Amino acid sequence: CGGRCMTRPTLIAVPVKDPALAKSRLSTVLPDAARTRLARSMLRRTLQFLAPGPQDPWDLAVVTASAEAARIAQDEGARLLPEPEALGLSAAAQTACDWAHRQGYARLALVPMDLIAPLRGDLLRLLSASARLTVCPAHDGGTNAMVMDLPYPAGFHFGPGSAARHYAAAQETGLAPVLCPLDSFRYDLDTSAQLAPALRAHPDLAQAVEG
């Protein structure tokens, strides 16, 4: 990914659905209550993973229209960026981008709430990337994280194949983007095929599902 010292202030933003509405693609294998508990657990563990220590040069925020997600964010010490209504991941990303730019942050990183096993080393590699836009592709061609200089003119294009769309949009605006595959950021918990291995490897997630 390249690298540089992280001397400029960065905001890490986590866009979050209401836990009761999250993980809908797992509805064929998990009942509603279990999916809600799983979403709550993954949000808390993600915020704990991303929480900055005394020497970490970033702030952490949650972007959400959900009252429950807002309470979890505040419990975990994250800044809250409320959305008036849930309009999807790209809209939440734009909310974070606009707010971070107004507040004087030099960079914004977007990280999902449902990475299965992210590693701090990969997070630091992403945050120290030297490009004006760095995209971390998911295993299925989606975007599992991205970090950009602000202001950011290329917009957000989440959905199937979004890594390529983010890359192309940035190229069109002259940003010279970089794709940065990170092993521990490749997988989010989004499908039934990923569920059983994740529950075997991570007892905290299994406990959340079992209630």
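Details
- Segment 142-189 and segment 94-124 have Cα centres spaced 12 Å apart.
- For segment 4-99, with all protein chains in place and a probe radius of 1.4 Å, 53% of the accessible heavy-atom surface sits on carbon or sulfur.
- Per residue accessible area in Å² of the chain, where ligands, DNA and RNA are left out and the probe is 1.4 Å: 45
- Projected onto planes of every orientation and averaged, the convex hull of the alpha-carbon atoms in segment 158-211 covers 5.1 nm².
- Exposure rank, largest accessible area first [S192, S90; 1.4 Å]: S192, S90
- FRET efficiency, 1/(1 + (r/R0)^6) with R0 35 Å, evaluated for Q103 and H139 via beta carbons: 0.60
- When peptides 101-109, 122-130, 38-46 are ranked by their average number of other Cβ atoms within 10 Å per residue, the highest-first order is 38-46, 122-130, 101-109.
- Degrees between helix 192-201 axis and first principal axis of the chain (Cα, 0 to 90, nearest 10): 80
- Stokes-Einstein D (µm²/s) once Rh is taken as the Kirkwood radius of segment 84-136 over alpha-carbon pairs, at 25 °C in 0.890 mPa s: 191
- Estimated FRET transfer efficiency (Q48, S90; beta-carbon r; R0 41 Å; 0.05): 0.95
- Accessible surface ranking for V147, V29, 1.4 angstrom probe, highest first: V29, V147.
- Calculated translational diffusion coefficient of the chain (10 °C, 1.306 mPa s; Stokes-Einstein with Kirkwood radius over alpha-carbon pairs) equals 92 µm²/s.
- Solution diffusion estimate, µm²/s, Stokes-Einstein, segment 106-188, Kirkwood Rh from C-alpha pairs, 20 °C, viscosity 1.002 mPa s: 172
- Helix-only CD estimate at 222 nm, as mean residue ellipticity for the chain, using -39500 (n - 2.57) per DSSP H run (n ≥ 4): -11500 deg cm²/dmol
- Segment 2-77: C-alpha gyration tensor shape, a/c 1.5 cut-off, then a/b vs b/c: prolate
The values are calculated or read from the model by the stated rules, or taken from the named source; none is laboratory data. Remember, it's a predicted structure, so these values are computed and weren't measured experimentally. Neighbour counts run over all protein chains shown; Cβ positions are idealised from the backbone, glycine included. Ligands, DNA and RNA are stripped out before the accessible areas are found, and what is left, the full protein with its side chains, is counted by its heavy atoms. Shrake-Rupley method; radii C 1.70, N 1.55, O 1.52, S 1.80 Å.
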